[in-house]
1. So what's the angle, to the nearest 10 degrees on a 0 to 90 scale, between helix 314-325 and the longest Cα principal axis of the chain?
2. With contacts defined as alpha carbon pairs under 8 Å and 6 or more residues apart, what's the relative contact order of segment 334-416 in percent?
3. Quote the charge dipole size of the chain about the Cα centre in Debye, to the nearest 20; the model charges only the Cβ of Lys and Arg (+1) and of Asp and Glu (-1).
4. Taking a cut-off of 18 Å between Cα atoms, list the aspartates and glutamates near Lys120, but don't count ones fewer than 8 places away on the same chain.
5. Over the chain, what relative contact order in percent results from Cα pairs under 8 Å that are six or more residues apart?
6. Could you calculate the FRET efficiency of Ser173 with Trp28 from 1/(1 + (r/R0)^6), where r is the beta carbon distance between them and R0 is 35 Å, rounded to 0.05?
7. Convex hull over the alpha-carbon atoms of segment 48-144: what's its volume per residue in Å³?
8. Which is farthest toward the positive dipole end of segment 403-458 among Leu426, Ile450, Ser413, measuring Cα position about the Cα centre, with Cβ charges +1 (Lys, Arg) and -1 (Asp, Glu)?
Amino acid sequence: MISDFIEAIGKENVLLKEEVAQRYEHIWQMSTPLKAKAVLLPHSTEDVAAILKICNKNHQSVVVHGGLTNLVGSTETHEEDVVISLEKLNKIEEIDIQSRTMTVQSGVILENIQLAAKEKSLLFPLNFGAKGSAQIGGVISTNAGGLRVFKYGMTRNLVLGLESVLADGTIISSLKKIIKDNSGYDLKQLFIGAEGTLGVITKAVLKLAEAPISRNSAYAAFNDFDKVVQFMKFMDRGLAGTMSGYELIWGNTYQAMTSPPAQVNPPLPHGFKYYVLLESLGANQEKDRSAMQDLLELAFEQEMILDACLAQSQSDLDWFWTIREDVHVLKSQCHIDQHFDISLPIAMIGEVVDKTMERLLKIVGVTKAFPFGHIADGNIHFIVDKSNDSVELKKEIDLVVYQPLKDLNGSVSAEHGIGVHKKAYLNISKSEEEIQLMKLLRTTLDPNNILNRGKIFD
């Protein structure tokens with residue numbers, strides 16, 4: 001099989017033994033050597049197809065690697081696996097300014113896509129903290145969310161066309177630039193969010209928007225969750241559709257993000273229960289900043305907010321958003337960290353988080369927990385600090401966070417996927433009938449179960 005790989009894609013693109021051990025399965029675990037039979041470096045869709053034909057013939061399990069920023073174990077490997085790393089598929093093939101699309105290979109880093117769009121006075125609005133490492137193929141495979149879902153939607157809303165390779169090497173190419181296409185099944189949606197279990201994404205046509213001329217942000221402080229929701233509706237209406245982000249940070253999380261060892265100062269003083277960071281994208285910097293200022297003053301007069309701080313410069317914007325995006329600051333303050341990204345109805349967030357925090361902090365072995373998230377789209381993250389990495393403690397923490405979601409029709413994964421770590425809780429978000437249909441799709445497209453084996457479900 002190794003000889004077949006070498007013949008198909010060249011010896012220099014087949015890494016074995018010591019070269020495999022020099023790599024890793026996650027950017028937070030670079031010191032742990034990768035375990036795999038081989039790491040394969042395709043340079044084209046055709047290379048991926050050739051690899052998968054060989055793997056399918058030999059019933060060889062395959063794990064797909066992108067930017068290695070996944071948080072649910074989707075890039076974990078075993079010694080018997082073959083890794084396909086898409087890092088060499090890193091070309092931006094076309095930017096069409098008339099149709100406002102960009103055609104990219106799956107290994108292109110998200111931040112490079114953002115910068116390339118900006119050079120053409122366009123915007124690719126998807127944005128999150130790992131933008132400098134995450135590759136677009138992995139972003140699409142996990143249907144990533146981020147900081148601007150409120151205005152622009154999840155990744156699937158920004159993908160117009162896809163090229164993917166099935167487990168048997170069949171290439172499914174539909175690199176369309178059109179928005180409207182009602183010609184039967186929208187097959188690209190099968191691969192978006194499937195975590196590489198139905199096919200390997202190799203190219204995508206991305207939907208761009210006109211680049212905004214203005215960007216304004218502000219922090220606001222609250223002690224009442226109902227006021228947080230009231231203020232969101234108030235600002236969205238007052239900003240007339242230009243509000244692009246509405247992030248909620250709980251008081252203890254904000255304090256941890258803006259106190260040593262964090263390198264940034266707090267824009268607003270510590271001591272409030274909630275802090276909101278909001279963003280608007282518009283067409284006139286001074287006019288839009290003035291409009292936001294007027295709305296903040298009115299909200300203060302109406303006792304919706306307790307304090308506020310408006311960014312006055314680009315350096316202020318960088319400062320404000322560094323606080324929210326640098327989640328590593330929270331991780332660095334944990335002995336052993338456990339991450340969550342759940343989704344639930346917005347109106348229930350305040351009560352559910354309060355109860356969850358109370359129950360978490362009563363668990364022996366939990367020292368602290370940091371809640372924050374994209375409240376405008378109902379997505380809350382927890383980073384839980386614990387004293388040990390036992391399976392029993394992990395399960396106890398999992399149940400506290402996940403169990404309330406069943407009755408709320410919530411989700412155990414708002415944007416990170418299921419991977420390996422959340423398989424046991426898939427039935428909280430999906431009915432048995434839904435899970436069986438998902439399994440049917442998988443066995444139909446990958447009957448030998450070679451693609452990301454053991455991910456999402458067994």
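1. 60 degrees
2. Details: 125 pairs, mean separation 37.4, N = 83.
About 45 percent, as a whole number.
3. Values: 46 positive and 58 negative charges, 108 e Å.
The calculated dipole for the chain is roughly 520 debye.
4. Leaving aside aspartates and glutamates fewer than 8 places away in the same chain, those within reach of Lys120 are Glu93, Glu94, Asp96, Glu111, Glu210.
5. On the way: 922 pairs, mean separation 71.5, N = 458.
Reported relative contact order: 16 percent.
6. Working: r = 34 Å, r/R0 = 0.98.
Approximately 0.55, to the nearest 0.05.
7. Values: hull volume 10.6 nm³, N = 97.
Hull volume normalised by residue count: 109 Å³.
8. Sorting the options by dipole projection puts first Ile450.
Each reported figure results from applying straightforward, stated rules to the coordinates on display, with no laboratory input. As the structure is a prediction and not an experimental result, all values here were calculated from the model. Cβ coordinates were reconstructed from backbone atoms using ideal geometry, including for glycine residues, and neighbour counts include every protein chain displayed.
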